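Asker: Pasting in a structure now, in structure tokens, and then I'll have a few things to ask.
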Amino acid sequence: MANSTLTKQRSAALQSSVALKSAMAVTGGILVLFLIAHMYGNLMVFGGQEAFDDYSHHIREIGEPMLPHGGALWIIRVVLLASLLIHAYAAFALWARAKHARPAAQRYVVRKSAQSPSRRYAAQTMRWGGVIVALFVIYHILHLTTNHIAPGGASDSPYERLVNGFQIWWVVLSYLIALLAVGYHLWHGIFSALATLGVNKAGRERALRLIATVVAAAITVGFLVPPFSILFGLVS
Amino acid sequence: MNITLRVWRQKSRDVEGRMVTYEIEDVSPDMSFLEMLDVLNEKLTLQGEEPVAFDHDCREGICGACGVVIDGVAHGPETTTTCQLHMRSFSDGDVITVEPWRATAFPVVKDLVVDRGAFDRIIQAGGYISAPTGTAPDAHAMPVPKSDADRAFDAATCIGCGACVAACPNASGMLFTAAKVTHLGMLPQGQPEREARVVKMVNQHDEEEFGGCTNIGECAAVCPKGIPLDTISQLNRDLLGSLTSASSE
Ligand code: HEM
Ligand code: SF4
Ligand code: FES
């Protein structure tokens, strides 16, 4: 008896807010690992057109001949898309729960944070910030992957797409805004994911927050270096 | 000092409430916040008005009854309970806004008084150990490492005041739940029921319509007992452990 009740309780706990948040943390982690790999790839632009186009060509050959051409890339794309969908689903589910837990009619007349404003801002912008990041991901894929949006001219060479696009100031500006949003999202997100997965312990919180700050900053800067280098003519 | 108070007045659970402004003169800086409310209530009673209902019991910071949101912060500007907050933390002429805890799980009973029964039901779901009572066992019969004992004791100091819920943008009760899970989970007596406890308490927490934790940290920043945020991480670890061990059974 006691055991079957516990089994039932366990399956209920699979739908709990903690489980939702863990799904968000794991999928967020997958996306962060992807971002780091992606950033590394982008920096190859400094090796010149050949190196960059070779790299772009290479990722389509991973696993050949076991996998068809572009096969590994498609597996990665499916995993990333699934991660993004699960991540967003969990985010909206928790958002809805929070709205129900304190509906608009019960909002405080006066509200003040007891924490430092910068940290609070990062934590509080996770939801709308996440929506901005999602919109950016769509724009970005249309721009550099499918080339449906081609400011500065479309091209079959990934290197030329990049250079054509980032010579235009407002393209660089749009990426700047998006990457600051990503950086903010990850500043809280990386700490939050580690805490959610049980890594936070007494005396470790500062270290975890530091790791989150460093990784978030590295990703933001690492992604911004190529566009700005192109804008300022260091790469052409 | 002279103080202007804006207080939430609400006759009962299902009627609409509103902010009402009162002037209070000759407040001593040595008064506690609750004594200042007592002064207001004496005045209101003499004027034939209904006094402001607020919850309180020990007035020494250990029962957890007295929580209100003062100027947007749970328990006000000092990290302590409202009963241990003194008027010297304010200045002459201040306008102070006082509101009840706001959460679906903590319905307002009257004015500043909310029903925190949801916390009791979380404890009932698993926040205890099933051990026969009797005479106290010998202190050295069950050795506990000092660091574990300290962490268990720190977590056990939670007074169930609900400030964590009040301060949380998600209205989550996870810090309270985690304090209890951590307290019992650090001790040998808590081990037999450890996996079941966390599962049942988290389920009850969600059933009570608290929001989910997103590690924002407002809870720990206002907690009068300094329950640390990492207790929530410990709760998560216990829950994820319990869920994964279930599949291997
Ligand atoms: C490149 C894409 C993204 C990455 C790398 C990413 C990464 C992360 C990480 C690591 C977390 C921490 C998980 C946790 O709370 O334990 C997180 C949280 C979150 N993400 Fe994302 N995310 C991305 C896109 C999105 C999108 C598109 C949305 C919106 C639909 C979103 C909304 C959220 C929300 C609401 C949280 C929880 C906020 C909190 O913990 O306070 N994210 N994200
Ligand atoms: S965790 Fe802190 S704020 Fe929350 S109920 Fe316990 S003592 Fe109050
Ligand atoms: S009245 Fe008991 S803690 Fe304030």
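The values are calculated or read from the model by the stated rules, or taken from the named source; none is laboratory data. Worth saying up front: this structure is predicted, and the values here are computed from it rather than measured. So basically every Cβ, Gly included, is an ideal-geometry build from the backbone, and we count neighbours across all protein chains shown. Ligands, DNA and RNA are excluded from the accessible area calculation, which covers all protein heavy atoms including side chains. Shrake-Rupley method; radii C 1.70, N 1.55, O 1.52, S 1.80 Å.
Asker: Tell me which residues, restricted to the range A:113-130, are out of contact with any helix residue (DSSP H, G or I) (no Cβ under 7 Å at 6 or more places or on another chain) and either surrounded by 14 or more Cβ atoms within 10 Å (Cβ to Cβ) or under 27 Å from A:Gly48 (Cβ atoms) (or both).
Answerer: Hits for the range A:113-130 are A:Arg119, A:Arg120, A:Tyr121, A:Gln124.
Asker: Let me ask you something else. Can you name the helices (runs of 4 or more DSSP H) wholly within the range B:75-181 that have at least 1 residues being within 30 Å of B:Asn2 (Cα to Cα) and in contact (Cβ under 8 Å) with a residue 40 or more places away in the chain?
Answerer: B:163-167
Asker: With the requirement that a residue be among the aliphatic types (A, V, I, L, M) and under 14 Å from B:Ile3 (Cβ atoms), what does the range B:35-73 give you?
Answerer: Across the range B:35-73, the qualifying residues are B:Met36, B:Leu37, B:Val39, B:Leu40, B:Val52, B:Ile70.
Asker: Of the residues that make up the range A:16-39, is at least one surrounded by 13 or more Cβ atoms within 10 Å (Cβ to Cβ), assigned to a loop (DSSP other than H, G, I, E, B) and free of Cβ contacts under 8 Å to residues at least 40 places away in the same chain?
Answerer: There is at least one residue in the range A:16-39 that is surrounded by 13 or more Cβ atoms within 10 Å (Cβ to Cβ), assigned to a loop (DSSP other than H, G, I, E, B) and free of Cβ contacts under 8 Å to residues at least 40 places away in the same chain.
Asker: Answer yes or no as to whether A:Gln106 is out of contact with any Gly (no Cβ under 6 Å at 6 or more places or on another chain), under 30 Å from B:Ala163 (Cβ atoms) and modelled with pLDDT under 95.
Answerer: So A:Gln106 passes the test.
Asker: I'd like to check something: does the range B:187-210 contain any residue that is more than 17 Å from B:Asp148 (Cβ to Cβ) and within 10 Å of ligand 2 (Cβ to nearest atom)?
Answerer: no
Asker: Right, here's the next one. Collect the residues in the range B:132-187 that are in contact with a Leu (Cβ under 6 Å, 6 or more places away or on another chain) and either within 16 Å of ligand 1 (Cβ to nearest atom) or under 30 Å from A:Gln106 (Cα atoms) (or both), keeping them in residue-number order.
Answerer: Those that are in contact with a Leu (Cβ under 6 Å, 6 or more places away or on another chain) and either within 16 Å of ligand 1 (Cβ to nearest atom) or under 30 Å from A:Gln106 (Cα atoms) (or both): B:Cys164, B:Ala178, B:Val181.
Asker: Only one of A:Ser174, A:Ser155, A:Ser192 is near ligand 1 (Cβ under 9 Å from one of its atoms) and open to solvent by less than 50 Å² (accessible area, probe 1.4 Å). Can you tell me which?
Answerer: Exactly one residue qualifies, and that residue is A:Ser192.
Asker: For the range A:106-126, enumerate the residues that are facing another protein chain (nearest Cβ under 9 Å) and aliphatic (A, V, I, L, M).
Answerer: Scanning the range A:106-126 gives A:Val109, A:Val110, A:Ala114, A:Ala123, A:Met126.
Asker: Right, next: I need every pair where a residue in the range A:77-105 that is open to solvent by 60 Å² or more (accessible area, probe 1.4 Å) has its Cβ under 6 Å from the Cβ of a residue that is aliphatic (A, V, I, L, M), sequence separation at least 6 or different chains.
Answerer: A:Ile86/A:Ala23
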